[in-house]
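Structure record follows, encoded as structure tokens.
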Amino acid sequence: MNLRKQITYHNYFKLIVASALVSFCSLILVFITQQATEHVEDFIFETVSSTQKIFLVFLPTIGITAIYFLRKLLFKGRKNKGITEIYKTLDQRKDHLPAFKIPSHLINGFLTVSSGGSTGIEVSSVVATATVGNMIHNKHFSANIFKKELICSGVTAAVALLFASPLAGFLFAIEVIARKKSKSLFLSCGTAALLAWLFILLLDYKPLLSFPVEGWHGYALPLFLILGLLSGLLSVYFTLLTTRMKKIFGNINNNFLRVNLGAISVGLFIFIFPALYGDSYHGLKEILYHPQAITFYTLAILILLKPLAASLTLGAGGDGGVFAPSIVAGAFLGLLFAQICNAQFDLQLIPLNFALVGAAATLSASIYAPLTALILVCNLVPNGYQLFIPLLVGSFTANYFSKQILPYNVYTYDFYLTKN
């Protein structure tokens, strides 16, 4: 073996060890944040909604105001800008993600969602764990050329654990963060995905939704295609809405007004439609348990209000991104589509199938990652791979259609700058 190969293999070995370290630290951080957010979110929502429901109006204000003061006093006024921070540090190799991004994003994400802010902790977790990878890189645990690899290993671990899907974490890191393929990236992300898989098995993680898929029929395939088109439109609506809200709130100089205008608006939505509280996964589960108990009009309103509530949350200063709002709004859209088809044309469609395809399609167009969305939603239910082909059709259709409507740059820097 010549000297060059020896150096290469030595660097790969160091990369695997460093990736494992990044993954382990990331899994611990995300696990603590996820568990704390879920338990506090459920406790606050159940306590307030069963006693003094009017307090739901003011809960988002409490959380986002706390974020404002933490940012001002503890984090020296430095703002979080979401995934665009990762892109900048990768493309400008001299720049690094500062260590404060770890507590800042995780604490702010927890405060936003647990107090009712209508988004999720996914993007907060992704940026925090990317920072873990950057910090390990700075400690020279691997060759200097592997900065992107270590950042992606942290991202892989975060997404893998949040959705109990190591493959989804792997694909997200490759599709969205790295935006390229290489042997070193496969090694680092593969190592992180493997450790995440072991972590998920050890803790006996369950899918987000407990509903089993019943299978699907070929005659529904054109309807899945139509749903994909509608989901692409929903994603465009979300993108444009978030862009406008960020701009509007960015022009408000009065901090008190900016925080309360957005947060109280979200609180009012939650008071009227409690399913919008926090990441809304609890609301989605309840509606899927009793799909016949909700009217067409209520579903239609929820489809429009979830992206609006998420946009207002982010505009007011909350921390979060597009994962949870896209999944939930897309699932509502699929459910509404199936119920209308059943009521008007007696097609006997399975509502759960269309809810899952709507979720995958909307997420695909929102994060510009059809493979990630496909695999992620397959793992939202115990036997989701039975819907592989409908999910494939919906994800790629929505992704392609949305790109035809909006310029390409919406999905790169400008997209993440405004959405997160």
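The values are calculated or read from the model by the stated rules, or taken from the named source; none is laboratory data. Treat the numbers as computed from the prediction; the structure is a model and nothing was measured. So basically every Cβ, Gly included, is an ideal-geometry build from the backbone, and we count neighbours across all protein chains shown. These area figures cover heavy atoms from the full protein model, side chains too; ligands, DNA and RNA do not enter into them. Shrake-Rupley method; radii C 1.70, N 1.55, O 1.52, S 1.80 Å.
Evaluate the following for THR412: is it modelled with pLDDT under 95, among the β-branched types (Val, Ile, Thr) and closer than 23 Å to PRO307 by Cβ?
Values: modelled with pLDDT under 95: yes; among the β-branched types (Val, Ile, Thr): yes; closer than 23 Å to PRO307 by Cβ: yes.
The answer is yes for THR412.
Kindly indicate which of ILE200, ILE177 is over 23 Å from THR8 (Cα atoms), assigned to a helix (DSSP H, G or I) and within 18 Å of the chain's Cα centre (by Cα).
Values: ILE200 fails: within 18 Å of the chain's Cα centre (by Cα).
Residue meeting the stated conditions: ILE177.
Pick from SER125, SER118: which is surrounded by 15 or more Cβ atoms within 10 Å (Cβ to Cβ), small (Gly, Ala, Ser), touching a residue at least 60 places away in the same chain (Cβ under 8 Å) and farther than 23 Å from LYS247 by Cα? Before you say what the answer is, go through the steps one by one.
On the way: SER118 fails: farther than 23 Å from LYS247 by Cα.
Result of the check over SER125, SER118: SER125.
Quick one: in segment 61-104, of everything that is in a loop (DSSP other than H, G, I, E, B) and modelled with pLDDT of 90 or more, which residue is farthest from ASN134 (Cα to Cα)?
Of the residues in segment 61-104, the ones in a loop (DSSP other than H, G, I, E, B) are 75-83, 92-100.
Those left that are additionally modelled with pLDDT of 90 or more: 97-100.
Numbers: LEU97: 6, PRO98: 9, ALA99: 9, PHE100: 12 Å.
Among them, the one singled out is PHE100.
Within segment 270-292, can one find any residue that is open to solvent by less than 50 Å² (accessible area, probe 1.4 Å), charged (D, E, K, R), under 16 Å from GLY63 (Cα atoms) and within 24 Å of the chain's Cα centre (by Cα)?
Within segment 270-292, one or more residues are open to solvent by less than 50 Å² (accessible area, probe 1.4 Å), charged (D, E, K, R), under 16 Å from GLY63 (Cα atoms) and within 24 Å of the chain's Cα centre (by Cα).
Return the pair list, or none, for Cβ contacts closer than 7 Å from residues in segment 388-407 that are under 11 Å from PRO370 (Cβ atoms) to residues that are buried (at least 24 other Cβ atoms within 10 Å of the Cβ) and among the charged types (D, E, K, R), at least 6 apart or on different chains.
Close Cβ pairs (under 7 Å, with a partner that is buried (at least 24 other Cβ atoms within 10 Å of the Cβ) and among the charged types (D, E, K, R)) do not exist here.
Being aromatic (Phe, Trp, Tyr) and in a helix (DSSP H, G or I) is the filter here; which residues of segment 241-281 pass it?
We begin by selecting, within segment 241-281, every residue aromatic (Phe, Trp, Tyr); these are 249, 256, 269, 271, 273, 277, 281.
Correct list: PHE249, PHE256, PHE269, PHE271, TYR281.
Exactly one of these conditions fails for ILE174: (1) farther than 18 Å from LEU90 by Cβ; (2) surrounded by fewer than 24 Cβ atoms within 10 Å (Cβ to Cβ); (3) among the aliphatic types (A, V, I, L, M). Give me its number.
Against the list (1) farther than 18 Å from LEU90 by Cβ; (2) surrounded by fewer than 24 Cβ atoms within 10 Å (Cβ to Cβ); (3) among the aliphatic types (A, V, I, L, M), ILE174 comes up short only on (1).
What pairs come out if I take residues in segment 48-72 that are open to solvent by 80 Å² or more (accessible area, probe 1.4 Å) and pair them with residues that are hydrophobic (A, V, I, L, M, F, W, C) and assigned to a helix (DSSP H, G or I) whose C-beta lies under 6 Å away, six or more apart or interchain?
As it stands, the answer is PHE55/VAL48, since those pairs meet every condition given.
Assess whether SER49 counts as being touching a helix residue (DSSP H, G or I) at 6+ places or on another chain (Cβ under 8 Å) and over 30 Å from LEU261 (Cβ atoms). Give the steps one after another, and end with the answer.
Details: touching a helix residue (DSSP H, G or I) at 6+ places or on another chain (Cβ under 8 Å): yes; over 30 Å from LEU261 (Cβ atoms): no.
Against the criterion (touching a helix residue (DSSP H, G or I) at 6+ places or on another chain (Cβ under 8 Å) and over 30 Å from LEU261 (Cβ atoms)), SER49 does not qualify.
Can you tell me which residues in segment 123-171 are closer than 23 Å to TYR368 by Cα, of a type in the set (S, T, N, Q) and part of a helix (DSSP H, G or I)?
SER124, SER125, THR129, THR131, SER153, THR156
So if I check each of VAL393, VAL377, VAL381, which one is of a type in the set (A, V, I, L, M), part of a loop (DSSP other than H, G, I, E, B) and modelled with pLDDT of 95 or more?
On the way: VAL393 fails: part of a loop (DSSP other than H, G, I, E, B); VAL377 fails: part of a loop (DSSP other than H, G, I, E, B).
Answer to the check: VAL381.
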